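> I'd like to ask some things about the structure below.
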Amino acid sequence: MRALFGSKATRRPPVRHRPEPWWALSLPLLAFLALPLLGLLFYSSPEELWANLARPEVRTAVGLSLRTSTWATLAAVLLGTPLAYLLARREFRGRLLLDNLIDLPIVLPPAVAGLALLLVFGRRGWVGAPLDALGLRITFTQLAVVMAQTFIAVPLFVRAAVIGFAAVEPELEDAAAIDGANGWQVFRRISLPLARRSLLTGVALAWARALGEFGATIIFAGNFPGRTQTMPLAIYLGFEMELGVAVGLSVILVGCSFVVLLLIKLVFGRAIWRNSRP
Amino acid sequence: MITDERKRTWRLISSIGLLLLLLLGCQPAGGETAAPTEVSAVTGATAAPEAATLNVFAAASLSDAFNEIGAAFSAANPGATVVFNFAGSNQLATQITEGAPADVFASANAAQMEVAVASGRIDAGAAQQFVTNRLVVVTPADNPAGITTLQDLATPDTLLVLAAEEVPVGRYSLEFLDLAAADAAFDSGFKEAVLANVVSYEENVRSVLNKVALGEADAGIVYTSDLVGVEGVTALEIPDALNVVAQYPIAPLNDSAQPELAAAFVEWVLSDAGQAILGNYGFGPSSGQ
């Protein structure tokens, strides 16, 4: 993509004193994205919004969501980094298939992911049945929430990490190896720091995706306030009953996602976008 | 180099365009009504009068029975196409309040019918009870927790799944627990003991049933109408005295573009033929207006 569009843009000198049509052309999309969010924000008066946010069930759902999505992101990083490195650095049979497999959770409806998790980790599943015999149960627990979120969010991290690792010059890694660094040291001292921007983008995307996860969670982990009822679940059920609560939670969800994404971009950042230019 | 890139860009754009065309081509043509989920085909009629589309908003639990009724109704009324919008009654009532195009509303409870009446689009007193539904306890066929009586639901460490309080069946389930706790045959702490066993409050009655059928839960509470054609579960009856009978009301909308057809549909549902179909799907006869 970069080579496709980027190189041409750099060749042309910046144009001045000409009205920029790109702003006008971007406006419909910006309005389309921003208006519904503003609608949410201004649906209730600030007092109502505050009263709804102060409700204990809302606070429980917010806390649970922040906790589980953080665990899920941690799991995505720990489990996803080795695979991303492998995909970026090694040529092997079936690489394309593996690469495709990783992308699958992005395009699957989350309900399908939840069902698949339930069939394998449920009480009668390949993994769930032996565990059940040991007296361990995953479904309807907080672990199930984290697993559902990880399943859905990990591809976003792996995808970003592959791009990051692939952009590290192999010569740098080779040079370090010649200087006597072992495989782990090369990874730790060279590849990881150089790929950190992509990795952090991946972390942000995975975390935000985990925070918003709904379909897989409600099928695999069920819905129990304080145990498995995350913000998106509470929003959905709130919509059935009390619109005010649903709107309040939606505002928090949008706000949390926006602030975290922004912070990551600002703190680690600026560079994320600068980095993506040639 | 530039032309090469341009060529590649065009190839990319045109292949995406082709793909989009293909995908769009897969959509059924001519769907002009809002949120249709099921379209029963117009049956080959000899002298069809003008074609008319009837939008029926019906509770999710009615889907199977109403699909059959819709087909039969279309056959009896050449030219009429029934388009169903199946969802939770509360969502349907919200959609009606928000002005969604609807001709008939069939709700799973009186409360949501009242919401629709309050919107002004259904006349007060226009709603008629047409069918009833009862609660039943289900367990997986192999019954891992060994539940043979309703009292067994209170046994500690039983994995129980109920519908959320926000959906009608979830509220009825709680009412059943209240009735049981007040009954001499049950412990006074029955409700609390049962609720302590709940591992999930599902968002609709179908997912309660599925969690039980998959063996994830030891028991759940659903409608009898949900059990028709479902394998892998065993039903445990709830006696009449403790059961909560859901009354389903149906009414035409007063701003319907096809008032006669809407009235005819309601009549058809209330007719012997309509009631027979509903009976086949596990619904009980209505106990009157």
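> Report yes if A:Ile106 is assigned to a helix (DSSP H, G or I), at pLDDT below 95 and under 19 Å from A:Ala75 (Cα atoms), otherwise no.
In short, yes.
> Taking the options A:Ser44, A:Ser26, A:Ser69, A:Ser7, name whichever one is of a type in the set (Ser, Thr, Tyr), modelled with pLDDT under 90 and assigned to a helix (DSSP H, G or I).
A:Ser7
> Right, B:Ala264: in a strand (DSSP E or B), among the small types (Gly, Ala, Ser) and closer than 22 Å to B:Ser63 by Cβ or not?
Answer is no for this residue.
> Could you tell me whether B:Val39 is away from chain A (no Cβ under 14 Å), over 18 Å from B:Asp226 (Cβ atoms), modelled with pLDDT of 95 or more and touching a Gly at 6+ places or on another chain (Cβ under 9 Å)?
No: the conditions fail for B:Val39.
> Looking at segment B:84-115, which of its residues are closer than 23 Å to B:Thr53 by Cα, buried (at least 19 other Cβ atoms within 10 Å of the Cβ) and of a type outside the set (A, V, I, L, M, F, W, C)?
Within segment B:84-115, B:Asn85, B:Gly88, B:Ser89, B:Thr94, B:Gln95, B:Pro101, B:Asp103, B:Ser107 qualify.
> I'd like to check which helices (runs of 4 or more DSSP H) are fully inside segment A:183-250 and have at least 3 residues that are crowded, with 20+ Cβ neighbours inside 10 Å.
A:196-212, A:215-220, A:231-241
Results for (1) under 26 Å from B:Phe66 (Cβ atoms); (2) in contact (Cβ under 8 Å) with a residue 40 or more places away in the chain, shown as yes or no for each residue.
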| site | (1), (2) |
| --- | --- |
| B:Pro156 | no, yes |
| B:Asp178 | no, no |
| B:Asp183 | no, yes |
| B:Asp187 | no, no |
| B:Val199 | no, yes |
| B:Asp218 | no, yes |
| B:Tyr223 | yes, yes |
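> Also, I was wondering about something else. Among the residues of segment B:71-88 satisfying the criterion of being touching an Asp or Glu at 6+ places or on another chain (Cβ under 7 Å) and not in a strand (DSSP E or B), which is farthest from B:Ala116 (Cα to Cα)?
B:Gly79
> Right, here's the next one. Any residue at all in segment A:113-128 that is at pLDDT 90 or above and over 29 Å from A:Pro225 (Cβ atoms)?
Yes, segment A:113-128 contains a residue that is at pLDDT 90 or above and over 29 Å from A:Pro225 (Cβ atoms).
> Kindly establish whether B:Ala180 is more than 14 Å from chain A (Cβ to nearest Cβ) and either out of contact with any helix residue (DSSP H, G or I) (no Cβ under 9 Å at 6 or more places or on another chain) or over 23 Å from B:Gly279 (Cα atoms) (or both).
Yes.
> Out of everything in segment A:209-257 that is within 17 Å of A:Pro109 (Cα to Cα) and more than 14 Å from chain B (Cβ to nearest Cβ), what residue ends up being nearest to the chain's Cα centre (by Cα)?
A:Arg209
> Checking the structure you have, find out if any residue of segment A:127-139 is surrounded by fewer than 22 Cβ atoms within 10 Å (Cβ to Cβ), in contact (Cβ under 8 Å) with a residue 60 or more places away in the chain, under 12 Å from A:Ala221 (Cβ atoms) and among the hydroxyl-bearing types (Ser, Thr, Tyr).
Scanning segment A:127-139, I find no residue that is surrounded by fewer than 22 Cβ atoms within 10 Å (Cβ to Cβ), in contact (Cβ under 8 Å) with a residue 60 or more places away in the chain, under 12 Å from A:Ala221 (Cβ atoms) and among the hydroxyl-bearing types (Ser, Thr, Tyr), so the answer is no.
> Inside segment A:122-134, can you point out the residues that are assigned to a helix (DSSP H, G or I), within 10 Å of chain B (Cβ to nearest Cβ) and not charged (D, E, K, R)?
A:Gly128, A:Ala129
> I'd like to check which strands (runs of 3 or more DSSP E) are fully inside segment B:116-232 and have at least 3 residues that are touching a Leu at 6+ places or on another chain (Cβ under 7 Å) and surrounded by fewer than 18 Cβ atoms within 10 Å (Cβ to Cβ).
Where strands (runs of 3 or more DSSP E) fall fully within segment B:116-232, none carries at least 3 residues being touching a Leu at 6+ places or on another chain (Cβ under 7 Å) and surrounded by fewer than 18 Cβ atoms within 10 Å (Cβ to Cβ).
> Out of segment A:168-182, which residues are under 24 Å from A:Leu78 (Cα atoms) and either in a loop (DSSP other than H, G, I, E, B) or touching a Cys at 6+ places or on another chain (Cβ under 6 Å) (or both)?
Those that are under 24 Å from A:Leu78 (Cα atoms) and either in a loop (DSSP other than H, G, I, E, B) or touching a Cys at 6+ places or on another chain (Cβ under 6 Å) (or both): A:Val168, A:Glu169, A:Ala181, A:Asn182.
> Still on this structure, please answer the following. Need pairs with beta-carbon distance below 9 Å; first residue farther than 30 Å from B:Asn210 by Cα and within segment A:93-120, second surrounded by 12 or more Cβ atoms within 10 Å (Cβ to Cβ); sequence gap 6+ or separate chains.
Close Cβ pairs (under 9 Å, with a partner that is surrounded by 12 or more Cβ atoms within 10 Å (Cβ to Cβ)) amount to A:Arg95/A:Leu86; A:Arg95/A:Leu87; A:Leu98/A:Leu83; A:Leu98/A:Leu86; A:Leu98/A:Leu87; A:Asp99/A:Leu87; A:Asp99/A:Val162.
> Among the candidates B:Gly170, B:Gly125, single out the residue that is modelled with pLDDT under 95, within 14 Å of another protein chain (Cβ to nearest Cβ) and under 30 Å from B:Gly274 (Cα atoms).
Within the list B:Gly170, B:Gly125, the selection yields B:Gly170.
> For segment B:274-289, which positions are out of contact with any helix residue (DSSP H, G or I) (no Cβ under 7 Å at 6 or more places or on another chain) and either in a strand (DSSP E or B) or of a type in the set (A, V, I, L, M) (or both)?
B:Ala276, B:Gly284
> While we're here: What are the residues in segment A:135-147 that are within 11 Å of chain B (Cβ to nearest Cβ) and in a loop (DSSP other than H, G, I, E, B), if any?
Answer for segment A:135-147, where residues must be within 11 Å of chain B (Cβ to nearest Cβ) and in a loop (DSSP other than H, G, I, E, B): A:Gly135, A:Arg137, A:Ile138, A:Thr139, A:Phe140, A:Thr141.
The values are calculated or read from the model by the stated rules, or taken from the named source; none is laboratory data. Fair warning: this is a prediction, and the values are worked out from it, not measured in the lab. Every residue, glycine among them, receives a Cβ derived from its backbone with ideal geometry; neighbour counts consider all protein chains shown.
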